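As structure tokens, the structure follows; a few thoughts come after it.
The values are calculated or read from the model by the stated rules, or taken from the named source; none is laboratory data. All values derive from a computational prediction rather than experimental measurement. Here the Cβ positions follow ideal geometry from the backbone for every residue, glycine too, while neighbour counts run over all protein chains shown. Quick note on the areas: whole protein, heavy atoms, side chains included, nothing else; ligands and nucleic acids left out. Shrake-Rupley method; radii C 1.70, N 1.55, O 1.52, S 1.80 Å.
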Amino acid sequence: MNPNHLAPVVEKTEFRNAMSRLGAAVNIITTEGPAGRAGFTASAVCSVTDSPPTLLVCLNRSASVWPVFCENRQLCVNTLAAGHETLSNLFGGKTPMAERFIAAEWSTAITGSPVLSGAVASFDCRISQIVSVGTHDILFCEVLALVRNDDTHGLAWFDRGYHPLMRQEAC
Ligand SMILES: NC(=O)c1ccc[n+]([C@@H]2O[C@H](COP(=O)([O-])OP(=O)(O)OC[C@H]3O[C@@H](n4cnc5c(N)ncnc54)[C@H](O)[C@@H]3O)[C@@H](O)[C@H]2O)c1
Ligand SMILES: Cc1cc2c(cc1C)N(C[C@H](O)[C@H](O)[C@H](O)COP(=O)(O)O)c1[nH]c(=O)[nH]c(=O)c1N2
């Protein structure tokens with residue numbers, strides 16, 4: 001059967017309602033380079049392959065940060081910890097860029113991208129490939145350096161809200 005004869009029957013709202021049931025880590029994606037400094041909140045992040053270590057980030061092409069990431073071609077994925085909810089909202093809204101960065105402490109990764117102090121993990125990456133699908137660009141990111149924090153609790157985005165993820169052993 002020709003798959004082109006199958007009309008799409010799933011509405012955008014239905015899709016989002018179902019997707020809201022998929023819990024995900026929350027991340028602040030940062031970049032710094034020739035196009036400037038930028039950052040945004042993303043839950044659409046996942047591991048692709050460990051050889052070479054690669055993850056992906058889905059970025060809406062209508063976001064104000066999109067041209068900055070595309071030109072800089074480097075970024076840091078900062079996976080958020082419990083307690084980072086307010087910071088996540090700052091980077092996930094329409095707040096001016098300088099106000100977003102002033103709200104936390106940062107160091108500099110080898111690519112020059114900002115590394116968030118207290119993140120559960122930070123992945124410093126170069127963007128190796130960009131694939132466009134619908135409204136989003138999928139940024140394939142090769143990991144060049146890592147920071148890992150074994151002491152903080154995690155944070156999940158589930159059912160349109162934040163949920164702390166507690167480690168087995170108390171911190
Ligand atoms: N992948 C994304 O671009 C993405 C993911 C999560 C949240 N958001 C944005 O954050 C805000 C709050 O989201 P929410 O979870 O409270 O409610 P929502 O109803 O907008 O989204 C529910 C779920 O649908 C998916 N989703 C949302 N927008 C999407 C998009 N443009 N493309 C692909 N998938 C998308 C995500 O999995 C999200 O958790 C919204 O503005 C939303 O667009 C975007
Ligand atoms: C919890 C959560 C999760 C996500 C987002 C928001 C929030 C609150 N946003 C939206 C994104 O952060 C938002 O569009 C930008 O910060 C807005 O930037 P500009 O105002 O366009 O600069 C988002 N956007 C995106 O392109 N990919 C993603 O995976 C996500 N995930």
Solvent-accessible area per residue for the stretch 35-131 (1.4 angstrom probe, square angstrom): 46 Å²
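For the stretch 106-171, rounded, prolate or oblate, judged on the Cα gyration tensor with a ≥ b ≥ c (square roots of eigenvalues), a/c < 1.5 rounded, else prolate if a/b > b/c?
Details: a/c = 2.72, a/b = 1.31, b/c = 2.08.
Cα axes put the stretch 106-171 in the oblate bin.
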Two-decimal Rg/Rh across the chain, once Rg and the Kirkwood Rh are taken from alpha-carbon atoms: 0.99
I'd like the distance separating the alpha-carbon centroids of the stretch 1-60 and the stretch 112-145, in whole Å. 12 Å
What share of all Cα pairs of the stretch 1-71, in percent, falls into each consecutive 5 Å distance bin? 3, 12, 15, 17, 17, 15, 11, 7, 2, 1
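Could you work out the local net charge near A24, counting Lys and Arg as +1, Asp and Glu as -1, over the other residues with Cβ closer than 15 Å to its Cβ?
+1
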If R0 is 25 Å, what FRET efficiency do you get for E99 and C70 from their C-beta distance, rounded to 0.05? 0.60
Between S128 and S62, what is the FRET efficiency for a Förster distance of 30 Å, r being their Cβ-Cβ separation, to the nearest 0.05? 0.80
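Roughly speaking, to the nearest percent, how much of the chain's 1.4 Å accessible area is carbon and sulfur?
The C+S portion of the solvent-accessible surface of the chain is 56 percent.
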Using alpha carbon coordinates only, what is the Rg to Rh ratio of the stretch 42-112, with Rh defined as the Kirkwood radius? 0.95
